[in-house]
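Asker: Quick one: the structure is below, questions incoming.
Coordinate-derived values only; no laboratory data. Owing to the predicted nature of the structure, the values given are computational and were not obtained by experimental measurement. FYI the Cβ positions are ideal-geometry reconstructions off the backbone, even for glycines, and counts take in every protein chain you see.
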Amino acid sequence: MILVACGKEEVSLSPSQMKLFLQAVKEPVTAEEVVKSTELPIFKVRSSLRELTEAAYVENNGDQYTISQKGKEYLDQN
Amino acid sequence: MSEHNVEQAVSLPRIGDPAPQFEVNTTHGPIKLEDYKGSWLVLFSHPADFTPVCTTEFVAFQEIYPQLKELNTELLGLSVDSVQSHIAWVRNIQEKLGVKVEFPVIADLNKEVATKYGMIHPGESTTETNRAVFVIDDQQVIKAIIYYPLTTGRNMDEIVRLVKALQTTANHQVSTPANWNPGDKVVVPPPASQQQAEERANDEELEVVDWYLAKKELKE
């Protein structure tokens, strides 16, 4: 269980990290492909894609990740 | 040692065991151990944020982080403090010492990971984790464990050397002698038969001290 005091941000990623990941999944890609395009470590890519999927910014189908409608709206507004 | 103590000791992870899985809150957001599959990991604990020895260690861990990354190895810190405390501390380290801590730090407030990995030694402290280091390979198996007491900062060169030695063993099925560093000769496994021992004694490619102790150059 993760302990939270006084509420919680929807995701732990910063705005610049959000944009980086959402741009990286505009087309269906695997986590390994996101590692190559972002040059981030695998643990960071896996944990971030999981957070973005749970918050519905990204859709996950098997090992593929794609930006969702909510994710596209975030990119349009930021 | 009493039967009760033996039971407790067996429950702690040991070299060769699968690393106990966890899902934790960190300074880089929620992380699962399985997120590290495919890379090596140095999981280490420190007693507490905003304490002097730990601060020197965090600076030193950050200094070796680029070397570890070149070895496909990540760093992950841990203490029984909150994410907000960790954030305040790493920001203070950057402000006062000019070092940006780039690796994540686990906020193990409920001591779940500390307990699973045996990082709290009640004889020393019942509330703080000691200076434990777990080297976990890319298949999530524990390959080495180091424990230091609260009073004594760790040797970062040794941690880097240890990772290099473990990876050399994993990649080449050899052992490494005392004080080994990359470029030094490695130790070949002891002979398993009398015939092997006799042939080894005459092998010109080996530096044979005696039939049971032989070294060789490592060919890449």
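Asker: Per residue of B:32-38, what is the mean number of Cβ atoms on other protein chains within 10 angstrom of that residue's Cβ?
Answerer: 5
Asker: Using just the helices of the protein assembly as shown, give the 222 nm mean residue ellipticity in deg cm²/dmol: DSSP H runs with n ≥ 4 each add -39,500 (n - 2.57), and the total is spread over all residues, rounded to 500.
Answerer: Value at 222 nm, helices only: -11500 deg cm²/dmol.
Asker: By per-residue mean of other Cβ atoms within 10 Å, what is the highest-first order of B:179-187, B:202-210?
Answerer: Highest mean packing first, the order is B:179-187, B:202-210.
Asker: Counting just the Cα atoms, what span does the protein assembly as shown cover along each of its three principal axes? Round to the nearest Å and put the largest first.
Answerer: So the three principal-axis extents are 75, 48, 43 Å.
Asker: Do you know the relative contact order of chain B, to the nearest whole percent, from alpha carbon pairs under 8 angstrom that are 6+ apart?
Answerer: So the answer I get is 20 percent.
Asker: Which pairs break 19 Å Cα to Cα here: A:K44/B:K32; A:K26/A:K70; B:K69/B:K116; B:K32/B:K111; A:K36/B:K143; B:K143/B:K219? Before the final figure, lay out the partial values.
Answerer: Working: A:K44/B:K32 10 Å; A:K26/A:K70 12 Å; B:K69/B:K116 26 Å; B:K32/B:K111 16 Å; A:K36/B:K143 28 Å; B:K143/B:K219 23 Å.
Beyond 19 Å: B:K69/B:K116; A:K36/B:K143; B:K143/B:K219.
Asker: Okay, moving on. Suppose we keep just the alpha-carbon trace of chain A; what are its Rg and Dmax in angstrom?
Answerer: Spelled out, the Cα radius of gyration and Dmax of chain A are 12.3, 37 Å.
Asker: Which whole number gives the average count of other chain Cβ atoms within 10 Å of the Cβ atoms across peptide B:203-212?
Answerer: For peptide B:203-212, the averaged partner shielding equals 0.
Asker: Order these by the 10 Å Cβ neighbour count, fewest first: B:Y212, A:Y65, B:Y117.
Answerer: Details: B:Y212 10, A:Y65 25, B:Y117 22.
With the fewest neighbours first, B:Y212, A:Y65, B:Y117 line up as B:Y212, B:Y117, A:Y65.
Asker: For every other residue with a beta carbon closer than 11 angstrom to the beta carbon of A:E32, add +1 if it is Lys or Arg and -1 if Asp or Glu, then tell me the sum. Don't skip to the end; give the middle numbers.
Answerer: Working: positive: A:K36, A:R46; negative: A:E33, A:D63.
Computed value for this residue: 0.
Asker: List the aspartates and glutamates whose alpha-carbon lies under 18 Å from that of A:K8, not counting same-chain residues fewer than 8 positions away?
Answerer: Excluding near neighbours in sequence, the set is A:E51, A:E54, B:E23, B:D81, B:D108.
Asker: If you count, for every residue in A:47-54, the Cβ atoms of partner chains within 10 Å of its Cβ, what is the mean? Numbers along the way, then the final one.
Answerer: Numbers: counts 11, 5, 1, 6, 3, 0, 0, 1.
The per-residue average across the peptide is 3.
Asker: A further question on this structure: Excluding B:A107 itself, calculate the net charge of residues whose Cβ lies under 12 Å from the Cβ of B:A107, where each Lys or Arg counts +1 and each Asp or Glu counts -1.
Answerer: Its environment carries a net charge of -3.
Asker: Would you mind ranking B:T151, B:T27, B:T129, B:T169 by Cβ crowding within 10 Å, fewest neighbours first?
Answerer: Details: B:T151 10, B:T27 21, B:T129 27, B:T169 15.
Taking fewest neighbouring Cβ atoms as first place, the list is B:T151, B:T169, B:T27, B:T129.
Asker: Which shape class, rounded, prolate or oblate, goes with the stretch B:3-154 when its Cα gyration tensor gives a ≥ b ≥ c as root eigenvalues, a/c under 1.5 marks rounded, and past that a/b bigger than b/c marks prolate?
Answerer: oblate
Asker: Which aspartates and glutamates does B:K215 reach when only Cα atoms under 12 Å apart count, and residues fewer than 8 places away in its own chain are ignored?
Answerer: Cα-Cα hits under 12 Å: B:D184, B:D203, B:E204, B:E205, B:E207.
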